[in-house]
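The values are calculated or read from the model by the stated rules, or taken from the named source; none is laboratory data. A quick note: this is a predicted structure, and the numbers were derived from the prediction, not measured. Reconstructed Cβ throughout: ideal geometry from the backbone, glycine too, with neighbour counts over all protein chains shown.
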Amino acid sequence: MNTLKANENIHKLKVEGYENLNKTLVNECRELNAEMNKLQEEKENLIKCLKESEESCKNISNILIEFKEKCLSQESLLSQHEFTIKDLKASLKVEREMNKELNATKNELQTLVYTMNKDRRVLHNAIQEMKGNIRVFCRVRPRTPNELGKVIYNINFVHEHTIVVGKFNGYDSVSCSGKSKGTRQEFSFDEMFPATVSLKNIFVELALLDQST
């Protein structure tokens, strides 16, 4: 009897032990399930973050590609600008050389103009001085034997400085410019020598004029 009771107690203790163990295992299982759910949730969150990161990385890659293309375009544009600047510098150098030559030519021309104006003034003064010293003489040529019997023109000595020449053929005379001047023309000189004056007297007058100059 005692043995049965002892065995019963032993079995009760075992059952209690198993129940306690079962409770412990159930609690551990619950805890593990909760932890597993938590890990699953974290996993899903991580997967979601990973997808977002991958999408963000993809966007960044696309942006990087666009930036690379823009960089290549800017490099090409920069190269073109550098070439343009180089060409402009060369053109500017040529323009500067041309301006330098033009300035030198301008200075030479200004010097030449100044010299020519100076020479012109000297020549003008000389011409004016010569005009003041030039005197125009006129000597009526005597008729030749062949002209003595012909009536070609009439010379009228108005005074010692003026003569009037008239034609008898009825036609108007023509000046050097081609304009008609009528049948009578008047000429003025500084000195008149009629046909009756000898060459000796003319030379005497000219000699006096030469000495006076």
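What to note about this one:
- Residue that is of a type in the set (A, V, I, L, M) and either at pLDDT 70 or above or in contact with a His (Cβ under 9 Å, 6 or more places away or on another chain) (or both), where the choices are Val151, Val174, Val197: Val197
- Test for Val165: is it modelled with pLDDT of 80 or more, closer than 14 Å to Phe187 by Cα and within 60 Å of the chain's Cα centre (by Cα): no
- Candidates Arg120, Arg135, filtered to the one that is over 25 Å from Phe189 (Cβ atoms) and under 60 Å from the mean Cα position of the chain (by Cα): Arg120
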